[in-house]
Amino acid sequence: MKLMVTNIVHDTPTVKIFTLKHPLRDTLPTPSAGAHVDVRLPDGKIRQYSLCGDPADDSIYQIAVRREDDGRGGSRWLHDNVELGSILHVSAPRNNFPLVAGAKRHLFIGGGIGITPFSAMVQAAKEAGEEFFIEYCVRSSVDAPLFAKLRAICGDKNLRVWAGDQIPKLRFDAASIGAPVEGMHIYCCGPNSLVNAVRKATSDWPESQVHFEVFAATLDENFKAEPFDMKIASTGEVIRVPANQSALDVLRARGFIVSSSCELGVCGSCECGYKDGTVIHRDSILGVSSRQDRMMLCVSRARVAVTVEL
Ligand code: FES
């Protein structure tokens, strides 16, 4: 969709909230809480941003963008070039991080700009009358995105802020999550350090009760890619994937039409089924049970050979 920027709010010194509206239509595809959209930049690159507006309002989308001076350039471009009336190319919402309906309690753990999906999720939880709590970790209390909005929704009772610039420094301890609680769901979005700490602290929780949203590729500097064979289940064709190319690239070069977006293993658009092989999963989305028969073609590989179901 080509959406028009109808409002820009300087939420913090480094974060702008952009409001997007269809120039001709009154409604947009309805997002569910926790959904994100892809924004296509002028150089063709795609960036994912969680929707942080009210999920019940389908007339607008809102995205919060932190300016990352040493990032990949997307946030800088949005901050420096987008103004009221600008047109952005935006996908329909996709949700890899949905609120679990009927949970007894939701615990949201957000770090920095990773708080954005929770803005919509707490509104949905509150409207459903479900119990929730946010642990909000920020480096600086003056640079806490969406803080005023979250406090208005949550009150002081359901929101705790861990600010690194407080004296003494306040630091969230993931070990405080404790033992598994039946019916409680944990959602975490933020920097890798926070995600890793929560993963470790919840390692004995059922996988179905712990949910992560990641927008940066998992760093594994020591990974050494090896070539492998990819058999197409429907035709029996076998295609060699060299060490310096992804399965996605090789399929495209052979004329297969495979959708993709982030090409970092974080958005889920290139997911496919597989069988008969040992896959080396390098994405940040699939849980342990899904990894038994699903893979992300942009980053995941196989040991020796795999059969993919496109
Ligand atoms: S393109 Fe986003 S996970 Fe593969």
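Any read-out appearing in this document is the output of simple, stated calculations on the displayed coordinates, not a laboratory observation. Everything numeric here is computed off the predicted structure, so don't read it as measured data. Backbone-built Cβ (ideal geometry, glycine too); neighbour counts: all protein chains shown.
Annotations
- Overall Cα dimensions of the chain, principal axis frame, Å, largest first: 58, 50, 36
- Restricting attention to the chain, close to 60% of DSSP beta bridges with both partner residues there are antiparallel.
- Sequence-distant aspartates and glutamates (8 or more away, or on other chains) whose Cα lies within less than 12 Å of LYS231: ASP276, GLU309
- Shown for the stretch 2-90 is the translational diffusion coefficient from the Stokes-Einstein equation, using the Kirkwood radius over Cα pairs, a temperature of 20 °C and a viscosity of 1.002 mPa s: 162 µm²/s.
- Estimated dipole of the chain in Debye, rounded to 20 [Cβ of Lys and Arg +1, of Asp and Glu -1, Cα centre]: 240 debye
- Within the stretch 229-310, GluC sites (Glu not before Pro) in DSSP loop having at most 13 other beta-carbon neighbours inside 10 Å: GLU237
- Pairwise centroid distance, computed over Cα atoms, of the stretch 79-143 with the stretch 21-42, Å: 15 Å
- Length-normalised contact order of the chain in % [C-alpha pairs under 8 Å, at least 6 apart]: 14 percent
- Size descriptors for the stretch 228-309, from the alpha-carbon set: Rg then Dmax equal 11.4, 31 Å.
- Neighbour-count order for HIS281, HIS106, HIS36, fewest beta carbons within 10 angstrom listed first: HIS281, HIS106, HIS36
- Cross-link partners of LYS157 among aspartates and glutamates (Cα-Cα below 12 Å; sequence separation of 8 or more within a chain): GLU131, GLU135
- Neighbour-count order for THR19, THR235, THR6, THR202, fewest beta carbons within 10 angstrom listed first: THR235, THR6, THR19, THR202
- Computed over the stretch 195-256, relative contact order equals 19 percent, with contacts defined as Cα pairs under 8 Å that lie 6+ residues apart.
- Taking packing as the residue-averaged number of other Cβ atoms within 10 angstrom, the listed peptides 155-166, 44-55 run from highest to lowest as 44-55, 155-166.
- Reachable lysines, given that their alpha-carbon falls under 27 Å from the alpha-carbon of LYS224 and they are not under 8 places away in the same chain: LYS45, LYS200, LYS275
- Shape call, the stretch 105-213: gyration tensor on alpha carbons, a/c limit 1.5: oblate
- Alpha-carbon Rg with Dmax, taken over the stretch 114-161, Å: 10.3, 32
- Ranked list, fewest to most other Cβ atoms within 10 Å of each Cβ, for GLU127, GLU182: GLU182, GLU127
- In the stretch 125-277, Cα pairs under 8 Å separated by at least six residues give a relative contact order of 13 percent.
- The stretch 139-201: C-alpha gyration tensor shape, a/c 1.5 cut-off, then a/b vs b/c: oblate
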